[in-house]
């Protein structure tokens, strides 16, 4: 029997780029008084595990689709489709970069059977968010201004003005009493890229989130709807400061490849034999043409020389791909392992030599809950499952590369220069803060769990086959 709704509406604040440790420090020191009083006091504060790649866009999929990005065929903010490239000289679906105008195509790139929360909750609004399929014309509050705000955020030192605009739009929209409101605040991410994750402008962006919660509470009190509103504050990824850039493009070109890449996709538009698609600057998909053409994805074993060459670089942490048996194979300077999901749905993890993540001994057979619990406090929380899900995407690379702390994988074509990066598999990028004004049933949480939880609390059924679990039980 369907449970009655616990809340009539939900306001979801996406603090893009918020680090869990910075958020928690500000909260503990009393700088987030509104969040503390109106969300945490009678609700939940905790840490949640995001996804790989830990980057804007793909890392929104858990919240809005209830699925890992690999299972939405959304493997990065940039991707290359080897099959389409092989068959069609001119096609919008050969490749993608969601940085810029192609961001408007994100809604067309995800499977139609994956239902967005906007397609389920009728009176929804979306602010500064590209993943908005199902939103009504009037519900997309920044439909025409989004690209302007994104450009202003990316290329100027005035992202605080963008956050204030998003706040004003949200507060004004509350007069319509939406059932679900999803609003993105870009300041933390943008200023972290421009400076570093602990810069004053970054910290001010955290405090702006708290001020926004205060204004939301004031508006809801005036409407008499505060107790009926679920409020969520979380993030899609964290960031770490970058001191050195690795020219992955130059690395591939020096090996003799003709590499397809953004932004200059026309340099080898018709004759590429490799592709390099960077996300968040700290991870990249690498695609290699085989002797038999582009149609077949290359197995990890076939690319062993390239894997070893990458791991000789001081900037590279993890290299992963699919082996000849269809399992995920992971290698680092610490060791090598194979991981896959068996026919019973259990995660299998077998080390070949050492351990690429430096785990203490893990069981060879684990449930989803067990792998999360065993690895939650490690340097690579949930890494086996996250690599498995990403490599399930037909658009994922033959190899997936994750950078080490302090490094990224893009030395050219990044204007302005990024001084912080994200997208990698280690904890500073993949662990995010989570505040919600209700009690949750589990200690160990993935961001993908919020989709079924929010829908349940609003009184809606969530679709079969989502990757998250309901935390409202």
In region 188-224, which residues have a backbone nitrogen under 12 Å from the label point lying 7 Å from residue 25's Cα in the Cα-to-Cβ direction?
197-200, 203
For semi-axes √(5λ) of the Cα gyration tensor in Å, with candidates (1) 54, 24, 19; (2) 35, 24, 22; (3) 37, 28, 23, the value calculated from the shown model is option (2)
Mean separation of Cα pairs under 8 Å and 6+ residues apart, divided by the residue count of region 244-418: what relative contact order is that in percent?
27 percent
Which ordering of 395, 368 is given by a fewest-first count of other beta-carbon atoms within 10 Å?
368, 395
At 222 nm, what helix-only mean residue ellipticity would the chain give, in deg cm²/dmol to the nearest 500, using -39500 (n - 2.57) for each DSSP H run of four or more?
-7500 deg cm²/dmol
Protection proxy ranking of 450-463, 423-436, 345-358 - average other beta-carbon atoms within 10 Å, highest first
423-436, 450-463, 345-358
Taking the Cα atoms of region 1-135, report the difference between the largest and smallest coordinate on each principal axis, in whole Å and largest first.
57, 40, 25
No solvent, one uniform scatterer per C-alpha: report log10 I(q)/I(0) for region 297-348 via the Debye equation at q = 0.18, 0.19, 0.27 1/Å, two decimals.
-0.59, -0.64, -1.04
Sort 64-73, 224-233 for me by packing, meaning the mean count of neighbouring Cβ atoms within 10 Å per residue, highest on top.
64-73, 224-233
Added length on full extension, which subtracts the Cα-Cα distance from 0.36 nm per residue, residue 204 to residue 270:
19.1 nm
Segments 176-187, 260-271 sorted - mean Cβ within 10 Å per residue, highest first:
176-187, 260-271
Region 54-201 -> Rg/Rh from Cα coords, Kirkwood Rh, value 0.99
How much length would be gained if the chain were fully extended between residue 323 and residue 228, taking 0.36 nm per residue of separation minus their Cα-Cα distance, in nm to one decimal?
29.2 nm
Give, in nm to one decimal, the length gained when the segment between residue 308 and residue 369 is fully stretched (0.36 nm per residue of separation minus the Cα-Cα distance).
18.7 nm
Prolate/oblate/rounded call for region 216-342, Cα gyration tensor, a/c under 1.5 rounded
prolate
Kindly put 294, 79 in sequence by how many other C-beta atoms sit within 10 Å of each C-beta, fewest to most.
294, 79
Give me the tail of P(r) for region 417-473 as a percent: Cα-Cα pairs with distance above 13 Å.
66 percent
Fewest Cβ neighbours within 10 Å first, please rank 35, 169 accordingly.
169, 35
Note: region 244-418 at 25 °C, 0.890 mPa s; Kirkwood Rh on alpha carbon pairs; Stokes-Einstein D in µm²/s works out to 145 µm²/s
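Laboratory data are not the source of any read-out in this text; all were calculated from the coordinates shown. Note that the structure is predicted; figures quoted are calculated from it, not measured. No Cβ is skipped: glycine too gets one built from the backbone with ideal geometry, and neighbour counts run over all protein chains shown.
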